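Beneath this line is the structure, given in structure tokens, with notes to follow.
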Amino acid sequence: MGAAGEQCFLLVSQFSVTGALYTCRPDLVGFVNGLPLVVIESKKPGVPARAAFDENLTHYKAEIPQLFWFNALLIASNGTDSRVGSLTADWERFFEWKRIEREDEPRKVALETVIRGTCDQTRLLDLVENFTLFSEHTSNVNSKDSRGLVALDYAIGQTNLNLLDALWPDFRYSTAKVTIFRFFWIVSG
């Protein structure tokens, strides 16, 4: 994707998307170079963050699937309880993002931590390019065969190409192989 300074980032509040039956307005949609990579749905404090997933994100995926063709991250929050998931994850696979930059920093579950930890321009590009795996089985957003997987915050913080080079100095790889290898290495430990 290139450096963050070479990309165009835009965050839109109440972005209207017209589907076959309804016009939906996600709370926030984050675009990179015109592609809607991040969709954020918020609830007021006291309403469970899961309601953002159950009532809104699930509805949007069914009614306006075109918004999710390029999606990398979904975020559901009520301000204090905030979770990140992939397009095809059910609620049990949405996870708390507890760190912004380093593994040794204090853990904090909050919307600010999620936004700064995932949507910082450089970190978002790194997350999309190096820590997200998409299956090519189908293009149907709602299909059980369509999978998008995102690495956890603790897995991303300490992983980089220098580590791979140190472990396997003679290993030559393409970007696609690195993305897949790095993801499975992270998940499997």
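Any read-out appearing in this document is the output of simple, stated calculations on the displayed coordinates, not a laboratory observation. These numbers were taken from a predicted model, which means no experiment stands behind them. Positions of Cβ are generated from backbone atoms using ideal geometry, with glycine treated the same way; all protein chains shown enter the neighbour counts.
Modelled this way, with points 7 Å down the Cα-to-C-beta line, the labels at residue 112 and residue 33 are 3.3 nm from one another.
Length gained on full extension, residue 9 to residue 105, computed as 0.36 nm times the residue gap minus the Cα-Cα distance: 31.9 nm.
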